[in-house]
């Protein structure tokens, strides 16, 4: 973008702001309070969603840990059974 385009962009922004202020349905102070209230509301919404997401992530991690622990126990038990079966087979000499 050259100087001319930036100049036209600035002119357009200036005209837009002027027209918006002239035709605004409320006074500036009221509009600023309204915008501030909406921004605070949006910030609260985002914060609440972030907390919910964080809690869901913690729950998912805890559930994964429980499942991994159960799988580890099952694998350990299967290993032990296999080991005992191998030992029994080698003691009896049956192949």
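What do you get for the angle between helix 28-92 and the principal long axis of the chain? Use alpha-carbon atoms, 0 to 90 degrees, nearest ten. Value to nearest ten degrees: 10.
Plainly put, the stretch 56-95 has a radius of gyration that is 1.40 times its Kirkwood radius, both from alpha-carbon atoms, as the Rg/Rh ratio.
The C-alpha atoms of the chain define a longest principal axis, and helix 3-22 lies at about 80 degrees to it. Residue 13 label point, 7 Å along Cα→Cβ, cut-off 16 Å on backbone N: hits in the stretch 27-53? The answer is none, because no backbone nitrogen lies closer than 16 Å to the label point. The alpha-carbon positions of the chain define a convex hull whose volume is 196 Å³ per residue. Each helix, a run of at least 4 DSSP H residues, gives -39500 (n - 2.57); summed and divided by the residues of the chain, these come to -33000 deg cm²/dmol at 222 nm. The value obtained for the stretch 9-64, namely the Cα convex hull volume divided by the number of residues, is 102 Å³ per residue.
Read the figures in this text as sums done on the coordinates, not as results from a lab. Keep in mind that this is a model prediction, so the values were computed, not measured. No Cβ is skipped: glycine too gets one built from the backbone with ideal geometry, and neighbour counts run over all protein chains shown.
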